[in-house]
Amino acid sequence: MDAYSTSEKHRVRLATEQLPPPVGETLHENIDRLVADIKELVATERDYWRARMRYSKSLAKQSALLFGASIALAASAFTALILGTLLVLSARIGPIAATISVTLVTLAISAALAWLALKRARKLTFATPDPFEHAEDNSL
């Protein structure tokens, strides 16, 4: 055994003596640089997503403000249309009959639009996955 261990030690020593000296960074330095690069990548990704969220938030605010303004202007336009119709009809059929007819027509249009909205809302369904569907696939 002694001859075997001596020859093994000699072979290992010869193999390590034939290795060239390390060039550049050591393994520890490479790992440190890799960890620093990963930290920088994570920080950059975090900053990117924060900037993207701020941008999306500002777009959502602008869209909400513009949508609110458009609704307010549309309500004003409908009010003007109703008042104009009321004024025109009051000269022809009288103020009380004009008020009743404009009110009834406006309520009828409103009811028709609500009925259409309800009809379309009933078609809106959300598919929910069955939790027991995949249990059979995973059984042994």
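The values are calculated or read from the model by the stated rules, or taken from the named source; none is laboratory data. Computed from a predicted model, the values in this text were never measured in an experiment. Heads up: the accessible areas ignore ligands, DNA and RNA and are worked out on the full protein's heavy atoms, side chains in. Shrake-Rupley method; radii C 1.70, N 1.55, O 1.52, S 1.80 Å.
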ask   = Quick one: what Rg and Dmax do you get for region 31-140 from the alpha carbons, in Å?
value = 28.7, 91
ask   = Round to a whole number: what % of the accessible area of region 23-132 belongs to carbon and sulfur, probe 1.4 Å?
value = 72
